[in-house]
Amino acid sequence: MSDSNKDRYAVLGNPIEHSRSPDIHQQFAEQLKQAMTYQRQLVPLDEFAASARSFFDGAGAGLNITVPFKLEAYQFADQLSERARRAGAVNTLINKDGTIIGDNTDGCGLLADLQNNLQWPIERANILVLGAGGAVRGILEPLLLAKPASIVIANRTLEKAEQLSRAFQPLADDVACQLSAQQYSELMESFDIIINGTSASLSGDALPIANECFNAACCYDMMYAKAPTPFLQLAAKQGARKIADGLGMLVEQAAESFRLWRDIKPDTRVVIQSIRKSL
Ligand code: ATR
């Protein structure tokens, strides 16, 4: 079949050249024998809506959206899933007979990696979430639905952590989870799981967290890299029980986007291994 007869997908972002999404979706498509193409597309910062519109006007079947356009994708969608609404951001657009549906698979991807791949128990766990930006907003609903005993959101700017804590308080009450916001300097206790959702690793900055917090914790960085991130290096040094980076989350969120588009779920483990080798 020529490419022009295949369903078309793409990832839109800026920058985009380092995106692994085309490799991942290519592997899913081969695994499940799906007739589709998946391209990466660099979009100028002020042209997101025009680029997405032209993609769907040309009968494009679906898009992934990455930094910095997830909020604009939220505005762009004709309809939103409940989880996209809660996340306040969209990473997946689906063309359903001309209606563009916005969804968010990031949180679901993290939970799949934590629970299915890593087998870190969330139910009744005491969890520390570092950061209070868009990435953290996107994971709070699925984390809460997995019924941890407590979640502390800690952030350099306390006000943002407090805002998130207030926004998710009703859901926390529903699942009997104790939700609170703290400053890094106030953290003294140990946790079962620590999730780094800040972008501090990008600048190489260490987060000012007491050593006691890491004691026997399972530590997850939503970022990933060839070598352990600065956060995971610190966690290992301070006695973390286990460490894992966000490559599994990346592949799992892609698998959920793929399922939304194609109604079939790929086997992610082989793809995680293959992408890890290619880093
Ligand atoms: P994203 O969409 O990736 O979450 P964001 O909304 O800009 O991006 O949020 C970035 C997060 O990383 C924030 O929690 C930010 O802390 P502030 O709210 O205090 O800015 C955090 N962050 C980024 N660089 C950091 C650093 N060098 N030290 C500590 N926190 C940092």
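The values are calculated or read from the model by the stated rules, or taken from the named source; none is laboratory data. Keep in mind that this is a model prediction, so the values were computed, not measured. Note: ideal-geometry Cβ built from the backbone for every residue, glycine included; neighbour counts use all protein chains shown. SASA here: full protein model, heavy atoms, side chains in, ligands and nucleic acids out. Shrake-Rupley method; radii C 1.70, N 1.55, O 1.52, S 1.80 Å.
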| query | Which residue out of ILE122, ILE94, ILE127 is in contact (Cβ under 8 Å) with a residue 60 or more places away in the chain, open to solvent by 20 Å² or more (accessible area, probe 1.4 Å) and among the aliphatic types (A, V, I, L, M)? | reply | ILE94
| said: Quick check on ALA59: is it among the hydrophobic types (A, V, I, L, M, F, W, C), part of a loop (DSSP other than H, G, I, E, B), touching a residue at least 40 places away in the same chain (Cβ under 8 Å) and in contact with a strand residue (DSSP E or B) (Cβ under 8 Å, 6 or more places away or on another chain)? | reply: yes
| request: Select the strands (runs of 3 or more DSSP E) contained entirely in the stretch 147-248, then report the ones holding at least 2 residues which are open to solvent by less than 50 Å² (accessible area, probe 1.4 Å), within 16 Å of the ligand (Cβ to nearest atom) and of a type outside the set (S, T, N, Q). | output: 150-154, 193-196, 218-221
| note | Subset of the stretch 15-46, residues farther than 22 Å from LEU247 by Cβ and free of Cβ contacts under 8 Å to residues at least 60 places away in the same chain, comes to LYS33, ALA35, THR37, GLN41, LEU42, VAL43, PRO44, LEU45, ASP46
| request: Among the residues of the stretch 114-146, count how many are in a loop (DSSP other than H, G, I, E, B) and within 13 Å of the ligand (Cβ to nearest atom). | output: 3
| request: Just need a number here: residues in the stretch 71-85 that are assigned to a helix (DSSP H, G or I), open to solvent by 20 Å² or more (accessible area, probe 1.4 Å) and without any contact (Cβ under 8 Å) to a residue 60 or more places away in the chain. | output: 7
| request: Filter the stretch 251-274 down to residues that are in a loop (DSSP other than H, G, I, E, B), closer than 16 Å to ASP113 by Cα, open to solvent by 20 Å² or more (accessible area, probe 1.4 Å) and in contact (Cβ under 8 Å) with a residue 12 or more places away in the chain, then give me how many there are. | output: 1
| task | Return yes when ILE100 is open to solvent by less than 20 Å² (accessible area, probe 1.4 Å) and within 28 Å of GLN273 (Cβ to Cβ) and no when it is not. | result | no
| message | Filter the stretch 54-70 down to the residues that are over 13 Å from ILE101 (Cα atoms) and open to solvent by 10 Å² or more (accessible area, probe 1.4 Å) and list them by number. | response | SER54, PHE55, ASP57, GLY58, ALA59, THR66, VAL67, PRO68, LYS70
